[in-house]
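What follows is a short report on a single structure.
The values are calculated or read from the model by the stated rules, or taken from the named source; none is laboratory data. If you're wondering where the values come from, they're calculated on a predicted model, not measured in any experiment. Every residue, glycine among them, receives a Cβ derived from its backbone with ideal geometry; neighbour counts consider all protein chains shown. Quick note on the areas: whole protein, heavy atoms, side chains included, nothing else; ligands and nucleic acids left out. Shrake-Rupley method; radii C 1.70, N 1.55, O 1.52, S 1.80 Å.
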Amino acid sequence: MLETRWLRRATLRLRTLFHRERVEQELEEEFQFHLERRIELEIARGLCPARARLAALRAMDGMEQRKEECRDMRRVNYIDDLLRDLRYAGRNLRRSPGFTTLAILIMALGISGTTAVFSLVNQILLHPPGVSEPQRIVVVRTRYDKLNLNFDGASPPALADARANKEIFEYAAAMRPIGFNYADGSVPARLRGAAVSAAWFDVFGARPALGRVFTADEDQPNANRVVVMAYDAWLRLFGGNPGVVGRTIELNQQPYQVIGVMGRDFHQAGAVDVWTPLALPPRAFSPQNRFNENLSVVARMQPGISFAQADAWLRWNADHVAAAAPANLRSMILDARWGMGATAFTDSSAGKTKTPILILLGAVGLVLLIACANIAGLMLARTSTRAQELAVRAALGAGRRRLLRQILSEGLLLAAAGGAAGLVLAQGSMKLLLRLAPESAVVGLEARLDIFVLLFATSATLAAGLLFGLAPAWQSSRIDPAHTLKGGVTIHGARQRSRSVLVVAEAALALVLLVTAALFLRSFARLQALNPGFEPRGVVTAAYTLPPGYANPEKQLAFARNVLEHLQSAKSVIAASIGRPIPFSNDNEGGAFRIEGRSLAGGEAIPQGDRRWVTPDYLRTLGIRLERGRFFGDSDRAGAQPVVVIDEKLARRYWPDEDPLGKRIQPTSGEGWHTIVGIIGHVVHSDLAHDTGRGAIYFSLYQHPAPMGSILVKTPLVKASSVKTSGDVAAVAAIRDAVRAADPDLPPYDIKPMEALLANSLAPRRFAMRVLGLFAAAALLLAALGFYGVLTCAVTERTREIGIRIALGAERGAVMWLVVGQGLRLAAAGVAIGIGAAALFGRLIESQLFEVRPFDPLTIAAMAGALMAAALVASWLPARRAMRADPAVTLRYE
């Protein structure tokens, strides 16, 4: 039987194809016939054959024009039919306000969330504000494969190479962060700055709102006393006064002339207040400075140049540099496996936020799919009640295409209304996401609907309308008018199966989101419980940068001692110290060193370690344990025997089978030999989940003064939050008073509790966890609505059957189990499919998890239980209605 039906269909298709080819051939033959007849008539009139053919072709052109007019009429008729279908769909939807309102709300929920997340993706990864053609901008990277180092940074000679290659790069520029103490005559303030080369703004295609940007002549040593202000800093410091251009302001006790103000959208250097020229001296570009990778180098590719070409050239240039290097330097390059490459600017600027944002986009896409499945189920239930109407339309001559278009028109109209409502809600959703997102990741971002977001929202709305309208339209177009008009129920089983399939899909997608959110929650809990190697509670930090007047190391040391003396005398302070860099401050320094009496074997990399400069009370302030030996004391000062303290990680790495106490090391940056006098516990410096620390070397700040650092103050730990808050306030006041006593013109900045620094390091994961939790809750609610809807329809369609069962003596509990059992079976099917989907999705998020397996049985079992519980509650409501059915009323109604 099946083979016969297949043969019939295949034969019909072949006949259709042959018929189409025959018709086209006949039309071509007819056209050629009319053309020849026309030529014969023109020749008969006395025209030469050539002119006769021309006249005939002109006449035939008139025929083609009439054919085109007929096609235009058909297009007009099609548009009229479409508008008529939309008007009719609107009238039908107005007759069902409950269904229409629910469907629009569900659609608005899906579109608003999707649009809000895409707005972040658009501003972070696709079209950063204030940047022209971001896809043409690359960031130069340096790698040391032997040391497992790969970072965004390059040296001045690398900048010169990129700037000279005009075939690949249109512009190349560099940036180095810098801070300024700004004195406006009252309270000194701290400004975040960036020293940039002259082409920096050209790389980003940014133009100033006022004034101008730097010239090449100003990007020179001793000629760089000009400054361009960021828009926000201009508003904050000068109230938006346009007369600031041309004024002279004092930065780090030096005069600078303001020459321009950038547009409000340009934030691509980070949270920057002012830009000054980088002004690298000629010696910075010497070959000896090739591996001093302390610049952030960006370049704009020439039109038509791909990212792969730019990356390949940078790799080739690194190989060329290695081949041309002297023998001793070439050996070091080969041993460390040094190289260069490129990364997309948007990937570099997004940083750790990129993966969580993309995961959220996938998650909100699942929510939209669940919403579509929910609306499709509602439409299937509604078209079941319109069987008589559709049968009459089919009996009066409406074909399957006409019925299909009618139901699709209703779906598209619902999608359009839901999409419009979703765009209204999207503004609030964007603000919520920006509030939850890490502050460092959303600098300069706004809750706005630009053209790219609107196009995405429109496309998502159209796709959703077609998606949830297709199944009901297909089912309705297969209606049997004869059977339906006789009182039969058309394809009842097919409709019920379709609704069941949709609700199973909803349950599976909801389980994926529930499991993902639970995995992120467990991972975040594990990270919070992790010991970073120090005690952050009760510690308040503040940064300072000394102006050029403190170039003398003795002045730097006197400032540090003065600040610490004032802090240690404060009543609210238990301990105080100064360190550089401190944990989780987004700053790190490292370098190579030699070990006395130990030579490197062939191919062995030179020892590397992170560097810290601290004062003697550093361990006590942060609660770091001393493993053995001693820490620094007041006697470890300039002129005394240089000493260092290392952490246990560095000790295990380079002295695995011996005691490093008493051994001597020499930093390759030029300092002399230092004796190791102590070993302390390892401190996680920047990332709890992926500790990339190589082991740290601690230097005494009294032996190696520095013009910048961070002040750490430990306050008493108390349980009452109000007292603790007052303790933090007292510590902040103590820091300000101490710095003011040491130098009234020096402002401390970035005053934050250490707990806040630690929390900021987890901000991207916390953001992903919270938003995924919201999406998972929405998915669970939509899945529960899906269960409720499909079982309510099933109870309605089986009203007569339920009445007969009760009339024949069926127990009320059996009737309830009839409905609840169906809901639980659908939920179980969704759970079975969802477990497999969650396992696949878990592989995508594995890099974001910490000490939690992506296929965690406990998490999956808990979330499956939550989904089954939601299905049980959603099934109980229609089951309760079926259990209370009165058979007399039911059978009389039937």
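On the basis of the beta-carbon distance and an R0 of 22 Å, Leu235 and Arg207 show a calculated FRET efficiency of 0.75.
Normalised Debye scattering of the stretch 653-712 at q = 0.21 Å⁻¹ gives log10 I(q)/I(0) of -1.16, counting only Cα atoms as equal scatterers and leaving out solvent. Taken one residue at a time, the phi angles of the stretch 863-869 give Karplus couplings (6.51, -1.76, 1.60, θ = phi - 60°) of 6, 4, x, 5, 5, 5, 5 Hz. Gly and Pro are set to x. Between Arg315 and Ala741, the modelled labels are 5.9 nm apart [label points 7 Å from Cα along Cα→Cβ].
Our coupling estimate for the stretch 239-246, obtained by passing each phi through the Karplus curve with A = 6.51, B = -1.76, C = 1.60 and θ = phi - 60°, is x, x, 6, x, x, 5, 5, x Hz, Gly and Pro reported as x. Here the gap between Asp450 and Arg435, fully extended at 0.36 nm per residue and compared with their Cα-Cα distance, gives a gain of 3.5 nm.
Please give the length that would be gained between Ile751 and Leu105 if that part of the chain were fully extended, namely 0.36 nm times their separation in residues minus their C-alpha to C-alpha distance (nm, one decimal). Walk me through the intermediate numbers first.
Working: separation 646, 0.36 × 646 = 232.56 nm, distance 4.51 nm.
Taking Ile751 through Leu105 to full extension adds about 228.1 nm, to one decimal.
All Cα-Cα distances of the stretch 134-351, cut into 5 Å bins from zero to the largest, leave 1, 7, 14, 18, 17, 14, 11, 8, 5, 3, 1, 0 percent in each bin in turn. Can you give the accessible area of Arg664, probe radius 1.4 Å, in Å² rounded to 10? Answer for Arg664: close to 80 Å² accessible. Here the stretch 548-744 carries DSSP beta bridges of which approximately 70% are antiparallel, counting only pairs with both residues inside.
Applying 1/(1 + (r/R0)^6) with r as the Cβ-Cβ distance of Ala837 and Leu858 and R0 = 22 angstrom yields a FRET efficiency of 0.75. Of the GluC sites (Glu not before Pro) found in the stretch 566-670, those in coil by DSSP whose Cβ has at most 13 other Cβ atoms within 10 Å are Glu589, Glu596, Glu604, Glu658. If you wrap the stretch 548-744 in the convex hull of its Cα atoms and look at it from every side, the mean projected area works out to 13.2 nm². Rounded to the nearest 10 square angstrom, His127 shows an accessible area of 70 square angstrom against a 1.4 Å probe.
For the residue pairs Lys146/Lys166; Lys571/Lys714; Lys649/Lys752, the alpha carbons lie more than 21 Å apart in Lys146/Lys166; Lys649/Lys752.
Leu826 contributes an accessible area of around 20 Å² to the protein surface, as traced by a 1.4 Å probe with all chains present. Inter-label distance, Lys555 to Ala308: 5.6 nm, where each label sits 7 Å from its Cα along the C-beta direction.
Taking R0 as 60 Å, what's the FRET efficiency between Leu530 and Gln253 from their Cβ-Cβ distance, rounded to 0.05?
0.90
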